[in-house]
1. I need every pair where a residue in the stretch 146-161 that is free of Cβ contacts under 8 Å to residues at least 40 places away in the same chain and surrounded by 18 or more Cβ atoms within 10 Å (Cβ to Cβ) has its Cβ under 9 Å from the Cβ of a residue that is in a loop (DSSP other than H, G, I, E, B) and of a type in the set (Val, Ile, Thr), sequence separation at least 6 or different chains.
2. Just to be sure before I move on: is Arg142 under 29 Å from Pro18 (Cα atoms), in contact with a Pro (Cβ under 8 Å, 6 or more places away or on another chain) and buried (at least 23 other Cβ atoms within 10 Å of the Cβ) in the structure I sent?
3. Can you spot a residue in the stretch 152-166 that is in a loop (DSSP other than H, G, I, E, B), modelled with pLDDT under 95, more than 17 Å from Gly29 (Cβ to Cβ) and of a type in the set (S, T, N, Q)?
4. Given the condition buried (at least 20 other Cβ atoms within 10 Å of the Cβ) and assigned to a loop (DSSP other than H, G, I, E, B), answer yes or no: does some residue in the stretch 55-65 qualify?
5. If we scan the stretch 1-9, do we find a residue that is buried (at least 16 other Cβ atoms within 10 Å of the Cβ) and modelled with pLDDT of 95 or more?
6. Working carefully through the options Glu146, Glu118, find the one that is of a type in the set (Asp, Glu) and part of a helix (DSSP H, G or I).
7. Any chance the stretch 83-93 includes a residue that's among the charged types (D, E, K, R) and surrounded by fewer than 23 Cβ atoms within 10 Å (Cβ to Cβ)?
8. Is it fair to say Ala43 is modelled with pLDDT of 85 or more and farther than 30 Å from Asp239 by Cβ?
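The values are calculated or read from the model by the stated rules, or taken from the named source; none is laboratory data. A quick note: this is a predicted structure, and the numbers were derived from the prediction, not measured. Cβ placement follows ideal geometry from the backbone for every residue including glycine, while neighbour counts extend to all protein chains displayed.
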Amino acid sequence: MSDDVTPVPGGEPADYRPPDRIVGVDFSGDARKAGRKIWLAEAVVEDDGLRIVDCAPATDRLDADPAREAAIPALTRYLGSLPATTAVGLDFPFGLPEEVVPAASWREFLRAFPGWFESPNALARRSRERAAVAGESGQLFRATDEQLGALSPWNLRLRTQTFYGVRDVLRPLVLVDAVRAAPMLAPAPERPTLLEVYPAGTLDELGCDATGYKDGSEAARDRRADLLGRLESGGVTVDDDLREPILDDDDGDALDAVLAAFAAARNTADPNNLHTADDRIGVEGYVYV
């Protein structure tokens, strides 16, 4: 956590119960392969750490078709069905820079999102236009992105994930109050908590090189094993039947899902991490590592 995220007076942390179940989601907006590229790592919180009890792509875990139009709604339904004592780490941007968001709150941003952007490319185009109106040029970053050295949410590599994650996952869940997304919305004891996570940032936080583990080479597999070992030394336990599938995933999506779960668990242990008095973060969102 950074010092930018501070408790909101009256947040009533005494009502907060740390989660006993964690889900880490490595997200994808790929049109044809989203169901194979979205991985879910499920874990339980134990006294001595976090135990990974399942890790599989959405096609297997949610019995979802690989196509985006089927896989993402299946993920959204699943997240909406989770028990209240669950925290979920999702690795896509939850918001946009305040210079391109004509809304007073994050919830208003979600409500208006489909009317502003009809596609990932439209998201990038409108963001550039609004940045120009604000006197900015090039890529704009959220405060949290600048702090982590992360990409802009409408960067070529991220705009598809941002668009489908915000429109088709966050928006339908938040607007019916099925979940709470920290730190923009205060936690509620009867709702699961969603957090934006960034696996590369988590690796940086752990002092690990966040490169070289995402291909089919033997060296990349060894790198995945090293990184998983680092998590295990930090209190993560991986069930024996899951270890090889995680290491065998050449794209690193399975390991990223585990990292997402780890970040969600470590940042939801203390309720003070889940509130903000910073107006900019309240509109843009915040990345937990």
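1. As it stands, the answer is none, since no pair meets every condition given.
2. yes
3. Residues of the stretch 152-166 that are in a loop (DSSP other than H, G, I, E, B), as a first pass: 152-158.
Remaining after also requiring modelled with pLDDT under 95: 152, 154-157.
Going one step further and asking which of them are more than 17 Å from Gly29 (Cβ to Cβ), we end up with none.
No, the conditions are met nowhere in the stretch 152-166.
4. Checked against the condition, which is being buried (at least 20 other Cβ atoms within 10 Å of the Cβ) and assigned to a loop (DSSP other than H, G, I, E, B), the stretch 55-65 yields at least one hit.
5. no
6. Answer to the check: Glu146.
7. no
8. no
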